[in-house]
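Would you mind keeping the following structure in view while I ask a few things?
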Amino acid sequence: MLIETRNIATARVAVLTAVVAGLSLSLSGLVFAADSNTADASAKNTGLSQQLYAKVGDAVITLDEYNQSFQRTVRQKFYHSKPPEGELDEVRKAVADELITRQLLLQEAARRGLKPDETAISKTLDKYDQQYASSARWQQQRDVLLKKLQKKLSDEDVLQQLQSQVRNIAPPTDAQLKKYYQENPQKFTEPMQQKLSLILLVVDPSSAKDVWDAAMKEGQSLVKELHQGKDFAGLARLHSGDVSSARGGDMGYIHRDMLSEAAQKVVDELKPGEFSDAVRVLQGVAILRLDDRRSARLREYNDVAERARGLWLRDKSELAWTYLKDKLRLDTPVTVYNKMHNKDDDA
């Protein structure tokens, strides 16, 4: 399939713009990841290994880089509140896994000869430079900040290219799709549906007990009228506060998970044509009538072939991406020097 080159460039610019937006580069606290692409071969021999968090292949992750990423993640996840006990360990592991995986993927991108789109990156840097041209701090640190930002954008660009390559799965054959359909019936099964009618006497949840008692008494009175032969639709139009009242209470076909647990329990005990007693629900007091019930059914393959294709591509794409990351982990030596965070991490 041919793709116009201009469209690819446009897409990369969009990706780079999104990256910049997510960097949180406020002038009051610019934070960039340290450059960890070049390993310091003499670090361990000179007693500096304690300044490294991990070595991934021939590259290193500094302890400072790890700590900055950890603290940034904690702020994003918990804001200014105290993290729940035990959850920080999960955050530490997630941050470490993310940094190591990112380094593995950058090395794989280099092996594949992927190059960043320098033109698109240059345009993004120019826009950022113009945005902060009047800032004295930006002018003082401009060269350093632009260099680090360029590195960040370049890495994101090649990682995006790598992911696109890996996830670019060949279209499935019809035989593959049919097999996928047969092996995953739950993905193509329509859940049970129920056609309901409703009379809802609306009550504010915060209302006093006597208000709820009055609504329940009115509901029981309406149930009595229904048993006497009164028309459900007519009573719904007169008394119901639900939007379905204009349709005589007709709610149409709905799935089980669209009702509250209390309402669904009532409906489960009804047969088509039967109505319930007055039941308290969150919005007030309800009377439900079951008009029809459709059992769950597996849709025919021809009706869901396009959906099957989309799901197959999504699953295979995710599998390919996960497989690459797992393989890189197995094939690349990773040494973690500092498994615990600094004492200041919880601050």
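Please label the shape of region 200-336 as rounded, prolate or oblate, based on the square roots a ≥ b ≥ c of the eigenvalues of the alpha-carbon gyration tensor (a/c under 1.5 means rounded; beyond that, a/b larger than b/c means prolate, else oblate).
prolate
Based on the alpha-carbon gyration tensor of region 119-187, what equivalent-ellipsoid semi-axes (square roots of 5 times the eigenvalues) come out, in whole Å, largest first?
With the √(5λ) rule applied to region 119-187, the semi-axes are 47, 12, 10 Å.
Follow-up question, since we're still on this one. So what is the relative contact order for region 192-295, in percent, with contacts set as C-alpha pairs under 8 Å and at least six apart?
With pairs under 8 Å counted, the relative contact order is 46 percent.
Provide, in order from the shortest bin, the percent of all Cα-Cα pairs of region 139-289 in each 5 Å bin, continuing until the bin that contains the maximum pair distance.
Calculated over all Cα pairs of region 139-289, the distribution is 2, 8, 12, 13, 11, 6, 4, 4, 5, 6, 8, 7, 7, 4, 2, 1, 0, 0 percent.
Could you give the nm distance between label points at D204 and S135, where each point is 7 Å from its Cα heading toward the beta carbon?
Here the answer is 4.8 nm between the modelled labels.
Could you work out the mean projected area of the convex hull around the alpha carbons of region 179-236, in square nanometres to one decimal?
Mean projected area for region 179-236: 7.2 nm², to one decimal.
When H80, H255 are ordered from fewest to most other Cβ atoms inside 10 Å of their Cβ, what list results?
H80, H255
Along region 232-245, what does the Karplus equation 6.51 cos²θ - 1.76 cosθ + 1.60 (θ = phi - 60°) give for ³J(HN,Hα), rounded to whole Hz, x for Gly and Pro?
Result, ordered by residue: 4, 4, x, 5, 5, 5, 7, 10, 6, x, 7, 4, 6, 4 Hz.
Most exposed first by the Cβ proxy, i.e. fewest other Cβ within 10 Å, how do K127, K271 rank?
K271, K127
What is region 52-203's relative contact order, in percent, from Cα pairs under 8 angstrom and six or more apart in sequence?
Contact order relative to length: 19 percent.
A further question on this structure: Amide H of D250: which non-local residues (sequence gap of 5 or more, or other chain) have their own amide H closer than 5 Å, using H built in the peptide plane?
L198
Work out from phi, with θ = phi - 60° and the Karplus expression 6.51 cos²θ - 1.76 cosθ + 1.60, the ³J(HN,Hα) of each residue of region 207-223, listed in order in whole Hz, and give x for Gly and Pro.
Once θ is set to phi - 60°, the couplings for region 207-223 become 5, 5, 4, 5, 5, 5, 4, 5, 5, 5, 5, 5, x, 5, 5, 5, 4 Hz.
To continue, here is another question. Could you give the Stokes-Einstein D for region 54-198 in µm² per second, using the C-alpha Kirkwood radius, 4 °C, 1.567 mPa s?
This corresponds to a translational diffusion coefficient of 64 µm²/s.
Still on this structure: Would you work out which of S295, A262, W212 lies farthest towards the positive end of the dipole of region 192-295, given +1 charges on the beta-carbon of Lys and Arg and -1 on that of Asp and Glu, about the Cα centre?
Highest projection toward the positive end goes to S295.
Can you list the lysines whose alpha carbon is less than 21 Å from that of K327, not counting same-chain residues fewer than 8 positions off?
Partners found: K55, K93, K316.
What are the lysines whose alpha-carbon lies under 21 Å from the alpha-carbon of K271, with same-chain residues fewer than 8 places away excluded?
Once the sequence-local lysines are set aside, what remains near K271 is K195, K224, K230.
Let's test this: bin the Cα-Cα distances of region 258-307 at 10 Å from zero up to the farthest pair and state each bin's percent.
Computed distribution, short to long bins: 22, 39, 17, 18, 4.
Coordinate-derived values only; no laboratory data. Model, not experiment: these values are computed from the prediction. A quick note on method: Cβ atoms are made from the backbone with ideal geometry, for glycine too, and the neighbour counts reach across all protein chains shown.
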